[in-house]
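For reference, the structure is listed below as structure tokens.
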Amino acid sequence: MSDRWNDPGVLRGAVSGAEAFSLPAVDAAAGSFEVEYLVTGAGVSEISYATGPGDAGEEVVEGPRLPWRISVRMTGAEAVPVLSVTLGEDGGGSRA
């Protein structure tokens, strides 16, 4: 693991069930940063993810094929990575 994870000057966050992510505070304030979203498993009916600051930067993917992954360049200190997963009727179980 990189030493930057232990740097007190880093904005930290986590998504439940996922590894922690880290954004150097200097980079976020200066302009843009790259975010990679990844969803694995089964039974997901919809994924929505932030692409920029506020509600204006949100995309929705209906019926995604898993595993699903996308990289997004976010701009501005107010941009926050957000990922929302909606499970299907099976509650995340695989369909036979």
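The values are calculated or read from the model by the stated rules, or taken from the named source; none is laboratory data. Bear in mind the structure is a predicted one, so any value in this text is a computation, not a measurement. Positions of Cβ are generated from backbone atoms using ideal geometry, with glycine treated the same way; all protein chains shown enter the neighbour counts.
Every listed requirement among (1) modelled with pLDDT of 90 or more; (2) exposed (fewer than 14 other Cβ atoms within 10 Å of the Cβ) is met by D55 save one, (1).
As a summary of the residue check, S32 satisfies the conditions (1) in contact with a strand residue (DSSP E or B) (Cβ under 6 Å, 6 or more places away or on another chain); (2) over 13 Å from S84 (Cβ atoms); (3) modelled with pLDDT of 90 or more except for the one numbered (3). Out of region 75-96, which residues are at pLDDT below 85 and not in a loop (DSSP other than H, G, I, E, B)? Within region 75-96, just T75 meets the criteria. Just the residues that are under 20 Å from S32 (Cα atoms) and assigned to a strand (DSSP E or B), please, taken from region 43-74. Scanning region 43-74 gives Y49, A50, E58, E59, R69, I70, S71, V72, R73, M74.
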